[in-house]
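Have a look at the structure below before the remarks.
The values are calculated or read from the model by the stated rules, or taken from the named source; none is laboratory data. This one's a predicted model, so the numbers in the text were calculated from it and none came from an experiment. Positions of Cβ are backbone-derived with ideal geometry, glycine not excepted, and every protein chain shown enters the neighbour counts. Remember, those area values only see protein heavy atoms, side chains included, never the ligands or the DNA or RNA. Shrake-Rupley method; radii C 1.70, N 1.55, O 1.52, S 1.80 Å.
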Amino acid sequence: MLKKSINQYHVLMLKRAGRMLHHEWCYVGGGIEKGEKAWEAALREVHEETGITEIRLYSANQFEQYYSPMEEYIYIAPVFVGYVDESQPVLLNHEHTEYQWMTFDEAKENAALPGIDDILDFVGKHFARKAPSEWLRINGEND
């Protein structure tokens, strides 16, 4: 999630409350439910985790991936970028204890896992420092 504040974009980072990545800073994430498209899951997860409903959603044309040695699985998920108005309130659900709108540098410094910084660099370059391609825009029901 990105919002522009004083001519600079900030990234919404959430501190996890659950078992996985407990007390670590991450961005909104989650799984796809049966019958959902990936972008529909992204909108649902944003709403569930933050209460935010008004989003301009784009495909980042990137994938987040990591390997869990404890549970022996590989997680691969498409990355989406959502723009929100700076006046939109954040209402966290039980999955997170706090949130903060961070600069890209702050988000990279606080990110829980290696690889998140690469995604943040990519998003900063292609979605914050310049306007994204309209070819990546997702025109869902909430648009």
Evaluation of Ile76 against (1) part of a strand (DSSP E or B); (2) closer than 21 Å to His22 by Cβ (one fails), failing number: (2)
Residues of the range 56-81 satisfying the condition of being open to solvent by less than 60 Å² (accessible area, probe 1.4 Å) and more than 12 Å from the chain's Cα centre (by Cα): Tyr66, Ser68, Tyr75
Residues of the range 89-100 satisfying the condition of being part of a loop (DSSP other than H, G, I, E, B) and either among the aliphatic types (A, V, I, L, M) or open to solvent by less than 30 Å² (accessible area, probe 1.4 Å) (or both): Val90, Leu91, Leu92
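Quick check on this structure: which one of Glu33, Glu45 is of a type in the set (D, E, K, R) and open to solvent by 90 Å² or more (accessible area, probe 1.4 Å)?
Sole residue among the options that is of a type in the set (D, E, K, R) and open to solvent by 90 Å² or more (accessible area, probe 1.4 Å): Glu33.
Name every residue in the range 1-30 that is small (Gly, Ala, Ser) and surrounded by 16 or more Cβ atoms within 10 Å (Cβ to Cβ), in order of residue number.
Let us first name the residues in the range 1-30 that are small (Gly, Ala, Ser), namely 5, 17-18, 29-30.
Once the filter is applied, which keeps residues that are small (Gly, Ala, Ser) and surrounded by 16 or more Cβ atoms within 10 Å (Cβ to Cβ), the range 1-30 yields only Gly29.
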